[in-house]
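Engineer: There's a structure below that I have some questions on.
The values are calculated or read from the model by the stated rules, or taken from the named source; none is laboratory data. Keep in mind the model is a prediction, meaning the values are calculated, not measured. Counting neighbours? That spans all protein chains shown, and the Cβs are built from the backbone with ideal geometry, glycine included. Please note that ligands, DNA and RNA were not included when accessible areas were found on the heavy atoms of the full protein model with its side chains. Shrake-Rupley method; radii C 1.70, N 1.55, O 1.52, S 1.80 Å.
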Amino acid sequence: MDSIADTTFTNSRIVAAYRERTRRSADLASAAAGLFPSGITHDARHLDPYGIYVERAQGPHKWDVDGNRYIDFFGGHGALLLGHRHPAVTAASDAAMAAGTHFGANHSAEVRWGQAVQRLVPAAERIRFTSSGTEATLMALRLARAYTGRSGLIRFRGHFHGWHDHMTSGYSNHFDGSATPGVLASIAERTVLLDPGAIAQVRAALAADDDIAAVILEPTGSSFGQVPIRPEFLHELRKLTEAHGALLIFDEVVTGFRVSRGGAQVAFDIRPDLSSFAKILAGGLPGGAVAGRRDILDLLDFEATRAAGQEKIQHPGTFNANPVSAAAGAAALGVIAESDANDRADATAASLRTAINDVLASEDVPWAAYGTSSGFHLFMNPHGRPPDRARFDAHDASFAELKEQPAALVRKLRLALLVHGVDVNGRAGGLLSCAHGASDVTETADAFREAVRMLRQEGELPH
Ligand code: PMP
């Protein structure tokens, strides 16, 4: 399974320790290699020599097929603000499963689910459920183009909005906006890619092109604020889009129901025209939604379009608002509305960021943990600035410094953390849930200490 030729990797004690602990995962990975491209079913699971195979999960933890327990910071790719198997969500989805998974008809859970969204997100005058976040941003863009009669889309470098054709360039490559493999050049051409936070660029782009239908962004910055943007930028965007007749789309697939109960738009008091949701929305099951202004979502409405003499946008989708996702989502949003889940997750994340920074300081590693809300990111200082963790402000770091992490080092760090029972994401950061607690913070900090010591022993960090 080794796909890395480099000897620092194949001779690594970290890799050997990882292999030693994960033999059953290795067997499954061998079988998967004959089935799936790279042996995986989501790009984020690409890990050399192979990723762990997980069998079950509870609260903030998950267990692999070899019986190892991990503190989970993948958090269902952000879906699990309440942790794994929250009792209210599990009870609701179990009951829905027992009643039938697809009725080919309307059902009460979709009404409860929609009401739960409206309760938390005031701008959700109308909602249309989809099966994923990708589908939600696709529909948001289609609505924006149909509503404005314009074709252009402004996006920001590094911001991710799913994998459909209109959103591929400029996320992790093709920062010049050129088409990625399999995408028509004519589609990529109607995207204007700008630098995140650069309001002057937005002003100029809107002034130069009166055919811009919408501006879409991750409202706390790309990858949940790995490259953060300031709220003032959002307020300026709101004013500029309004002035130019372009729609403002908040992609709240990650931030929704996390940054605050009502997402980033409630936290920053900004009313976007449209929003996309997924992840937490569906309580850990598949599901997404586009929500926003009634006059825009009316383009999906049979009666409204007929009355206005407009052509309706079609929107089928076999699993839109399927009863199991609807029940889980309504239950999760109910817990979020009525508990302090968001605040608890935020507080634990803040103490984790501090704990990791304390370890980095005592181990003399020139990195910094940073972030807001219930997440953490790792600044790996690729350009060797003097470490000043206490005052490190990611707003002052460049896009390249924050995004371009040394891939081989991140990979080894992830493996070393896995060896010590911690699963972070591919950027060595993660998302917390309200189920994470003080002991998870302590254990994670200990794991970081052991991991950086291992890296140092292998010559990956200066002595
Ligand atoms: N937008 C953002 C901000 C996301 O983070 C993601 C998924 N990570 C998506 C859209 C796409 O959502 P999905 O994976 O449900 O298609």
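Engineer: If you fit an axis through the alpha-carbon atoms of helix 341-362 and take the longest principal axis of the Cα set of the chain, what angle between them do you get, 0 to 90°, nearest 10?
Structural biologist: The answer is roughly 30 degrees.
Engineer: Now for a different question. Less than 21 Å apart at the alpha-carbon level, and either on another chain or at least 8 residues along: which lysines does that give for LYS412?
Structural biologist: Cross-link targets: LYS62, LYS403.
Engineer: Something else: In bins 20 Å wide, starting from 0, what share of all Cα pairs of the chain does each bin hold, as a percent?
Structural biologist: Taking all Cα pairs of the chain, the binned fractions are 24, 57, 19, 0 percent.
Engineer: Helix 199-208: angle to the longest alpha-carbon principal axis of the chain, degrees 0 to 90, nearest 10?
Structural biologist: So the helix axis and the longest Cα principal axis differ by about 40 degrees.
Engineer: Oh, and also: Translational diffusion coefficient, Stokes-Einstein: compute it for segment 229-319 using the Kirkwood radius over C-alpha pairs as Rh, at 20 °C and 1.002 mPa s, and state it as an integer in µm² s⁻¹.
Structural biologist: 146
Engineer: Efficiency by 1/(1 + (r/R0)^6): what FRET value for GLU303 and ALA88, r their Cβ-Cβ distance, R0 = 41 Å, to the nearest 0.05?
Structural biologist: 0.70
Engineer: Let's test this: bin the Cα-Cα distances of segment 211-267 at 10 Å from zero up to the farthest pair and state each bin's percent.
Structural biologist: 25, 53, 21, 1
Engineer: Once you charge only the Cβ atoms, +1 for Lys and Arg and -1 for Asp and Glu, what is the size of the charge dipole of segment 364-422 about its Cα centre, to the nearest 20 debye?
Structural biologist: Result for segment 364-422 is approximately 260 debye, rounded to the nearest 20.
Engineer: Which value, in nm² and rounded to one decimal, describes the direction-averaged projected area of the C-alpha convex hull of segment 294-350?
Structural biologist: The directionally averaged projection comes out at 6.4 nm².
Engineer: Separate question: If you take every residue apart from ILE270 with its C-beta less than 12 Å away from the C-beta of ILE270, what net charge results, scoring Lys and Arg +1 and Asp and Glu -1?
Structural biologist: After counting each charged neighbour, the total is -3.
Engineer: If you don't mind, another one. Kirkwood Rh, segment 69-167, all Cα pairs: how many Å?
Structural biologist: One decimal place: 16.9 Å for the Kirkwood radius.
Engineer: Just order 327-338, 118-129 by mean Cβ neighbour count inside 10 Å, highest at the front, would you?
Structural biologist: 327-338, 118-129
Engineer: In nanometres, what is the gap between the two model label sites at LYS239 and ILE187, each 7 Å from Cα along Cα-to-Cβ?
Structural biologist: According to this spin-label approximation, the distance is 3.6 nm.
Engineer: Hey, another quick one. Dipole magnitude of segment 44-102 about its Cα centre, charges +1 at Lys/Arg Cβ and -1 at Asp/Glu Cβ only, in debye to the nearest 20?
Structural biologist: Here the size comes out at about 140 debye.
Engineer: Could I have the simple spin-label model distance between GLU338 and ASP66, label points 7 Å from Cα toward Cβ, reported in nm to one decimal?
Structural biologist: 4.3
Engineer: I'd like the accessible area for LYS403: 1.4 Å probe, protein heavy atoms, all chains in place, Å² to the nearest 10.
Structural biologist: It works out to around 50 Å².
Engineer: Toward the positive end of the charge dipole of the chain, about the Cα centre and with charges on Cβ (Lys, Arg +1; Asp, Glu -1), which of ALA438, LEU417, GLY384 goes farthest?
Structural biologist: Projecting each Cα onto the dipole axis, the largest value belongs to ALA438.
Engineer: For every other residue with a beta carbon closer than 12 angstrom to the beta carbon of VAL452, add +1 if it is Lys or Arg and -1 if Asp or Glu, then tell me the sum.
Structural biologist: Every neighbour counted, the sum reads -2.
Engineer: Output the Cα-based Rg and Dmax of segment 323-463 in Å, rounding Rg to one decimal and Dmax to a whole number.
Structural biologist: Rg then Dmax for segment 323-463, in Å: 16.5, 56.
Engineer: Nearest 10 degrees is fine. How inclined is helix 23-33 to the longest principal axis of the chain, computing both from alpha carbons?
Structural biologist: Helix 23-33 sits roughly 50 degrees off the main axis of the chain.
Engineer: Then there is this: Among ALA347, ILE212, PHE268, whose Cα lies farthest out toward the positive end of the dipole of the chain, if unit charges sit on the beta carbon of Lys, Arg (+1) and Asp, Glu (-1)?
Structural biologist: Farthest towards the positive end: ALA347.
Engineer: If you don't mind, another one. Take the Cβ-Cβ distance between ARG456 and ALA400 as r, set R0 to 25 Å, and report the resulting FRET efficiency rounded to the nearest 0.05.
Structural biologist: That gives a FRET efficiency of 0.50.
Engineer: What's the extension gain from GLU20 to MET97 if we count 0.36 nm per residue and subtract their Cα-Cα distance?
Structural biologist: Residue separation times 0.36 nm, minus the Cα-Cα distance, leaves 23.9 nm.
Engineer: Could you work out how far apart the two model spin labels at ALA207 and SER178 are, taking each label as a point 7 Å from the Cα in the direction of the beta carbon, and quote it in nm?
Structural biologist: Inter-label distance under the simple model: 3.0 nm.
Engineer: Rounded to a whole number, what % of the accessible area of the chain do carbon and sulfur atoms account for, probe 1.4 Å?
Structural biologist: Answer for the chain is 52 percent, counting heavy atoms of protein chains only.
Engineer: Quick one: accessible area per residue over the chain, 1.4 Å probe, rounded to a whole number of Å²?
Structural biologist: Per residue, the chain has an accessible area of 42 Å².
Engineer: Between rounded, prolate and oblate, where does segment 155-276 land on the alpha carbon gyration tensor, with a ≥ b ≥ c its root eigenvalues, rounded for a/c under 1.5, else prolate if a/b exceeds b/c?
Structural biologist: It comes out oblate by the Cα gyration axes.
Engineer: Dipole size in debye (nearest 20) for segment 1-135 around its Cα centre, Lys and Arg Cβ +1, Asp and Glu Cβ -1?
Structural biologist: Dipole magnitude for segment 1-135 comes out near 380 debye.
Engineer: Which ³J(HN,Hα) values in Hz, rounded to whole numbers, follow from the phi angles of segment 117-134 under the Karplus curve 6.51 cos²θ - 1.76 cosθ + 1.60, where θ = phi - 60° and Gly and Pro get x?
Structural biologist: These are the phi-based 3J(HN,Hα) values: 5, 4, 4, 9, 10, x, 6, 7, 5, 9, 9, 10, 7, 10, 9, 7, x, 4 Hz.
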